[in-house]
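The block underneath contains the structure these notes are about, expressed in structure tokens.
Read-outs throughout are calculated quantities, based only on the coordinates presented, and are distinct from any laboratory measurement. Everything numeric in this text was worked out from a predicted model, so none of it was measured. Here the Cβ positions follow ideal geometry from the backbone for every residue, glycine too, while neighbour counts run over all protein chains shown.
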Amino acid sequence: MSKWRLFRLRCDRLDRKVERWLLLTFYALIILTIAIEVFRRFVLNYSSSWGEEMARYAFIYLAWLAAAAAVRDRAHIRIDVLVNLGGPRMKRLAWWLSDIATLILAVWALWLSISPIITSLHFGSITPGLRLSQAFFLAAVPIGFALVVTRVIQSMLADTRRMRRGEPVFDGRKLFD
């Protein structure tokens, strides 16, 4: 195995581990925050101003990380009945068209999502409960789309390598059959 391929495999493993740990961290943060807030509200008759906000923003980051992970595993929602009727060439063409469309959409959305962050930084807006810069939480959208762009490019490169080796394209991991 070449040094470059070994390096790529190590980076891929590290990438997956970091992604999984971030997903787990945000998910645990949501559950912990909601559990604490339920206890405080119903047992202590007191709730915080930051609890709901913390869970909401953790959920937003979790959703964008999960979207990028779904693009990576090609586990996003799709209807591929017509693609499965065709042969390997039809599948390859369909995946390339899908990847190109996703890439265009993600780059466009990434571009559009930067403006609210700049506006928030310019005016110094802060969140009401956490008293942190709103830009930090608005950054979830461009970070998510940047990750989606990265995953689509990785997918296209992997499909190109598979095509050169004569292997079929990666159909993705199915959530349901």
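Observations
- Cα gyration tensor category, rounded, prolate or oblate, for region 69-141 with a/c compared to 1.5: prolate
- As a rough guide to protection, the peptides 100-106, 165-171 ranked by mean Cβ packing within 10 Å, highest first, stand as 100-106, 165-171.
- Phi-derived couplings, Karplus 6.51 cos²θ - 1.76 cosθ + 1.60 at θ = phi - 60°, listed residue by residue for region 41-50: 6, 9, 9, 9, 6, 8, 10, 8, 8, 9 Hz, with x used for Gly and Pro.
- Other-chain or far-sequence residues with amide H under 5 Å of residue 126's (modelled H): 134
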